[in-house]
Amino acid sequence: MITKILIAATLVVAVALFTIVKVQKVMGSDTVKDPTATADKDKPSPLDFKVKDIDGKDVNLADYKGKVVMIVNVASKCGFTPQYKALEAVYEKYKEQGFVIIGFPANNFKSQEPGSDDEIKKFCTDKYNVTFPMMSKISVKGEDKAPLYKFLTEEPTAGDFKGDISWNFNKFLVDRNGQVFARFASPTKPDDAQVTGAIEKALAAK
């Protein structure tokens, strides 16, 4: 009897470990480097790109150099969509210290961002009171991947942070010098201690 119980328990543990590994493979994993060690201002930066905001106006991301920036691909009909609430809270907490979040709506995963820019803006405003900058909808994966996301995910520019966007709400942190120093997977919430700790450390690095 005891042997049967032990075998059953072993099978449960094995299934659980397999599930964890499978989820990590689909959603990606977190990578964080010391933001004080990425102070090469002359290196190409994800902030070198020009994009359109959600109202169709031109945005030069270089205007955000000198700040700590979170770049996140967002969607309105995803299981992670409630992270908008935490994103807004983190933005409000740190924006006066030089922190900004830039949201990029994308419809790459299960068609979970089907709306127009106007519809996305209304949803974010009405449902989550989003005030951080939102950009026009782009593609973050595949043949039509936006240049910014090619930079963030492909060699040689992505470096230690390379790899396809795994799902909605992948998060990249960029230091005050315009260099990526952290990437967080979709399940890692914006107000997770690991994320806020990285933000605070980057904000403190002048």
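The values are calculated or read from the model by the stated rules, or taken from the named source; none is laboratory data. These numbers were taken from a predicted model, which means no experiment stands behind them. Neighbour counts are summed over all protein chains in view; Cβ atoms, including those assigned to glycine, are modelled from backbone coordinates with ideal geometry.
In the set ASP53, ASP58, ASP63, which member is at pLDDT 95 or above, surrounded by fewer than 19 Cβ atoms within 10 Å (Cβ to Cβ) and farther than 25 Å from LYS122 by Cα?
ASP63
Could you please find all residues in the range 53-112 being hydrophobic (A, V, I, L, M, F, W, C), free of Cβ contacts under 8 Å to residues at least 60 places away in the same chain and over 20 Å from LYS206 (Cα atoms)?
Answer for the range 53-112, where residues must be hydrophobic (A, V, I, L, M, F, W, C), free of Cβ contacts under 8 Å to residues at least 60 places away in the same chain and over 20 Å from LYS206 (Cα atoms): ILE102, PHE104, PHE109.
Is it true that some residue in the range 163-176 is surrounded by fewer than 22 Cβ atoms within 10 Å (Cβ to Cβ), without any contact (Cβ under 8 Å) to a residue 40 or more places away in the chain and in contact with a Leu (Cβ under 8 Å, 6 or more places away or on another chain)?
Within the range 163-176, none of the residues are surrounded by fewer than 22 Cβ atoms within 10 Å (Cβ to Cβ), without any contact (Cβ under 8 Å) to a residue 40 or more places away in the chain and in contact with a Leu (Cβ under 8 Å, 6 or more places away or on another chain).
Given the structure, is PHE151 in a strand (DSSP E or B), among the hydrophobic types (A, V, I, L, M, F, W, C) and touching a Pro at 6+ places or on another chain (Cβ under 7 Å)?
Values: in a strand (DSSP E or B): no; among the hydrophobic types (A, V, I, L, M, F, W, C): yes; touching a Pro at 6+ places or on another chain (Cβ under 7 Å): yes.
No: the conditions fail for PHE151.
For the range 125-135, enumerate the residues that are crowded, with 19+ Cβ neighbours inside 10 Å, in a loop (DSSP other than H, G, I, E, B) and not β-branched (Val, Ile, Thr).
Matches in the range 125-135: PHE132 only.
Select from the range 63-98 the residues that are over 21 Å from PRO35 (Cα atoms) and in a strand (DSSP E or B) and write down the one among them that is farthest from the chain's Cα centre (by Cα).
The initial filter retains those residues of the range 63-98 that are over 21 Å from PRO35 (Cα atoms), namely 73-86, 88-89, 92.
With the extra rule that they be in a strand (DSSP E or B), the set shrinks to 73-74.
Details: ASN73: 6, VAL74: 8 Å.
Ranking the qualifying residues of the range 63-98, first place goes to VAL74.
Quick check on my filter: what residues within the range 188-206 are charged (D, E, K, R) and not in a helix (DSSP H, G or I)?
The answer is LYS189, ASP191, ASP192, LYS206.
Assuming ALA89 fulfils every condition listed in (1) over 27 Å from GLY163 (Cα atoms); (2) buried (at least 17 other Cβ atoms within 10 Å of the Cβ) apart from one, which condition is it?
Result: ALA89 passes all but (2).
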